[in-house]
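Everything below concerns the one structure shown next.
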Amino acid sequence: MDSINDTLRTKLEDWLINASETDKNLLLQAMEACESKNKQKIHTYISAMMKMEKAAADDQSIVIEIPNTPFLANSLGIMHGGLTSTLLDSAMGTAANLNLGKDEGAVTLDLNIRFLSPGIGERFKCEGKVVKSGRQIIVTEGTVWNEKEELIASATGTFFKISRKK
């Protein structure tokens, strides 16, 4: 363990010499995400890194909000399509899991995303909702907007019900 700590300490000290403020803020965000996950405030590291917050929920839908941070940006400075997809998958997957039993879960079977405008904004809001829940399949839909209510992306998803591992 000491060798890992020593390696991390050395790498961090070397890195800090040339790191930009943006780099330092991203590292701080990553450290805070790990702390949140370890304290079980958030279920997954990616949710913590994206700073996902539940804004609203009912028995068929959920709204998740995230701030725009440099972590989300692609090379053009807009929200990366893969992270837009992750946000949609997380919201629709959470909606799919809302009414499942304690020993059940739902995993993504199919995800179809339409990118409608650049991911530009200060905050992004994503709604995921259940369209139809069958015996083994749950069909969902999702949308992502910015704070100006501009539609960024829409999606449909199919989730498969499984038994949770014990």
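Going by what's in this entry, would residue 156 be described as in contact with a Phe, Trp or Tyr (Cβ under 7 Å, 6 or more places away or on another chain), surrounded by fewer than 21 Cβ atoms within 10 Å (Cβ to Cβ) and in a strand (DSSP E or B)? Write out each step before concluding.
On the way: in contact with a Phe, Trp or Tyr (Cβ under 7 Å, 6 or more places away or on another chain): no; surrounded by fewer than 21 Cβ atoms within 10 Å (Cβ to Cβ): yes; in a strand (DSSP E or B): yes.
No, not satisfied.
Scoring residue 166 on the criteria (1) open to solvent by 60 Å² or more (accessible area, probe 1.4 Å); (2) over 18 Å from residue 73 (Cα atoms); (3) charged (D, E, K, R); (4) modelled with pLDDT of 95 or more leaves a single failure, condition (4).
Given the options 83, 100, 116, 88, name the one that is open to solvent by 60 Å² or more (accessible area, probe 1.4 Å) and touching a residue at least 24 places away in the same chain (Cβ under 8 Å). Sole residue among the options that is open to solvent by 60 Å² or more (accessible area, probe 1.4 Å) and touching a residue at least 24 places away in the same chain (Cβ under 8 Å): 116.
Among the residues making up the range 2-17, those that are open to solvent by 90 Å² or more (accessible area, probe 1.4 Å) and over 16 Å from residue 31 (Cα atoms) are 2, 4, 14, 17. Evaluation of residue 105 against the conditions (1) without any contact (Cβ under 8 Å) to a residue 40 or more places away in the chain; (2) open to solvent by less than 30 Å² (accessible area, probe 1.4 Å); (3) assigned to a strand (DSSP E or B); (4) small (Gly, Ala, Ser) shows that the sole unmet condition is (1). All conditions but one from (1) open to solvent by 10 Å² or more (accessible area, probe 1.4 Å); (2) in contact with a helix residue (DSSP H, G or I) (Cβ under 8 Å, 6 or more places away or on another chain); (3) of a type in the set (Val, Ile, Thr); (4) more than 14 Å from residue 50 (Cβ to Cβ) apply to residue 138; the one that does not is (1). Of everything in the range 21-67 that is under 14 Å from the mean Cα position of the chain (by Cα) and open to solvent by 60 Å² or more (accessible area, probe 1.4 Å), the residue that is nearest to residue 86 (Cα to Cα) is 46.
Residues in the range 1-41 that are polar (S, T, N, Q) and within 22 Å of residue 68 (Cβ to Cβ): 20, 22, 25, 29, 36. For first residues located in the range 43-58 and within 24 Å of residue 99 (Cβ to Cβ), partners that are assigned to a loop (DSSP other than H, G, I, E, B) and lie 6+ apart or on another chain with Cβ distances below 8 Å form the pairs 52/42; 57/98. From the list 148, 132, 125, the lone residue that is farther than 15 Å from residue 160 by Cα and open to solvent by 60 Å² or more (accessible area, probe 1.4 Å) is 148.
The values are calculated or read from the model by the stated rules, or taken from the named source; none is laboratory data. Note that the structure is a prediction, hence the values are computed from the model and not measured. Cβ coordinates were reconstructed from backbone atoms using ideal geometry, including for glycine residues, and neighbour counts include every protein chain displayed. Heads up: the accessible areas ignore ligands, DNA and RNA and are worked out on the full protein's heavy atoms, side chains in. Shrake-Rupley method; radii C 1.70, N 1.55, O 1.52, S 1.80 Å.
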